[in-house]
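See structure below.
The values are calculated or read from the model by the stated rules, or taken from the named source; none is laboratory data. Model, not experiment: these values are computed from the prediction. Here Cβ is always computed from backbone atoms with ideal geometry, including for glycine, and neighbour counts include all displayed protein chains. Protein only, heavy atoms only, side chains kept; ligands, DNA and RNA dropped before computing areas. Shrake-Rupley method; radii C 1.70, N 1.55, O 1.52, S 1.80 Å.
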Amino acid sequence: MTALSILELVRVTVETDARGALDNARDLAAHAERWGYRRIWVAEHHNMPGIASAATSIVIAHMAAGSKTIRVGAGGIMLPNHSPYVIAEQFGTLERLFPGRIDLGLGRAPGTDQLTLRALRRSPEVAEHFPQDVLELQAFLAAASPDQRIQAVPAAGTNVPLWILGSSNFGAMLAAELGLPYAFASHFAPELLIPALQIYRTAFQPSEQLGRPYAMVGVNIIAAPTDSEARRLATTQQMSFASIFRGARGLSQPPIDDIETFWSPTEKAQAMRMLARSIVGSPETVRDGIAKLVAETDADELIVVSDVYDHALRLRSFKLIADAAGAVLSGQLGGSFQLKGDRP
């Protein structure tokens, strides 16, 4: 059966500071495991006042400590920003603290702007070494050999499962070559979703970690009791996208009644292109949207972004999504959604 997971944005709002955003993320993890979500991930973003997950491994520890069974991980770590050795130490430590619950998704984008990239003391050219860095990181997480002079302590032997994240064909090909699970960022880059999945599944080579291709699909879903309320709640995310196009990386804003008064026609076209695969509406609308997405992609797992401003309403959205997905993914609507690959 297709699994359901969460990508948590750790949004800082005009009413909630960074500490509040971090505690809300921890609270969501505790609720999500009760509702049947398999994992909850956070992503590395820098120089974005509205997102509090820059110190990703620390945020993961905070969330994992507030939950018991749900897998917690990075979706992802932008590996060109870091030494593979340091990331191995961090995530190996997390695995020692929360055994069997840690995931490490890896991306090659900087997760920030070029000016901040220089503040990170990294060169843009290091992204060219991303495949080699993934292999180096994987080696540090594996059991150390007797004559190995440099070990990532306490990471050696933890074998934290790696994922490749991507929004283009490059990540799909790399995940296939390395035999790793692949997560496609269709929640903001939907255009290449189907081609990337085809490349990944066709070119996949089995590995020690994974015997068959395993594809995760990102999707924005906002659920509410009615379609009209869900559309209003979705204006928070729409404003965030429009603000990015304006070069304004501000705090998350409360929903508004008429999004057309906020954005220009150009901003609307840009945002709607990036949000093209979003599912927004009542439980019935969400059920239909999930059914169509799974049927089209044959996804092994959906990872959901529900960018709702108010935390209580966001929890409600995730609960409605879980209920709707349960109806679809258990075959109650006539579908037959079986996992094709191993279960990471």
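Some values worked out for this structure:
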item: Residues (closer than 19 Å to residue 76 by Cα, out of contact with any helix residue (DSSP H, G or I) (no Cβ under 7 Å at 6 or more places or on another chain) and touching a residue at least 40 places away in the same chain (Cβ under 8 Å)) located in segment 1-21; result: 3, 5, 7, 9
item: Some residue of segment 7-22 being under 16 Å from the mean Cα position of the chain (by Cα), more than 19 Å from residue 237 (Cα to Cα) and open to solvent by 50 Å² or more (accessible area, probe 1.4 Å); result: no
item: Pairs, first acidic (Asp, Glu) in segment 112-125, second surrounded by 11 or more Cβ atoms within 10 Å (Cβ to Cβ), C-beta under 8 Å, six or more apart; result: 113/47
item: Count of residues meeting criterion [within 17 Å of residue 316 (Cα to Cα), open to solvent by 50 Å² or more (accessible area, probe 1.4 Å) and of a type outside the set (Gly, Ala, Ser)] in segment 225-245; result: 6
item: Matching option when the condition is touching a Gly at 6+ places or on another chain (Cβ under 6 Å), of a type outside the set (Phe, Trp, Tyr) and open to solvent by 20 Å² or more (accessible area, probe 1.4 Å), among 110, 154, 131; result: 154
item: Unmet criterion (only one of (1) open to solvent by 50 Å² or more (accessible area, probe 1.4 Å); (2) within 30 Å of residue 142 (Cα to Cα); (3) in contact with a helix residue (DSSP H, G or I) (Cβ under 7 Å, 6 or more places away or on another chain)) for residue 204; result: (1)
item: Qualifying residue in segment 52-63 (condition: touching a residue at least 60 places away in the same chain (Cβ under 8 Å), part of a loop (DSSP other than H, G, I, E, B), closer than 18 Å to residue 21 by Cβ and open to solvent by 30 Å² or more (accessible area, probe 1.4 Å)); result: no
item: Selected residue (only one of 269, 248 is modelled with pLDDT under 95, exposed (fewer than 15 other Cβ atoms within 10 Å of the Cβ) and among the hydrophobic types (A, V, I, L, M, F, W, C)); result: 248
item: Failed item in (1) free of Cβ contacts under 8 Å to residues at least 60 places away in the same chain; (2) in a loop (DSSP other than H, G, I, E, B); (3) open to solvent by less than 50 Å² (accessible area, probe 1.4 Å), with residue 99 passing the rest; result: (3)
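Okay, residues lined up against (1) in contact with a strand residue (DSSP E or B) (Cβ under 6 Å, 6 or more places away or on another chain); (2) part of a helix (DSSP H, G or I); (3) within 17 Å of residue 217 (Cβ to Cβ):
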site	(1), (2), (3)
136	no, yes, no
145	no, no, no
170	no, yes, no
173	no, yes, no
198	no, yes, yes
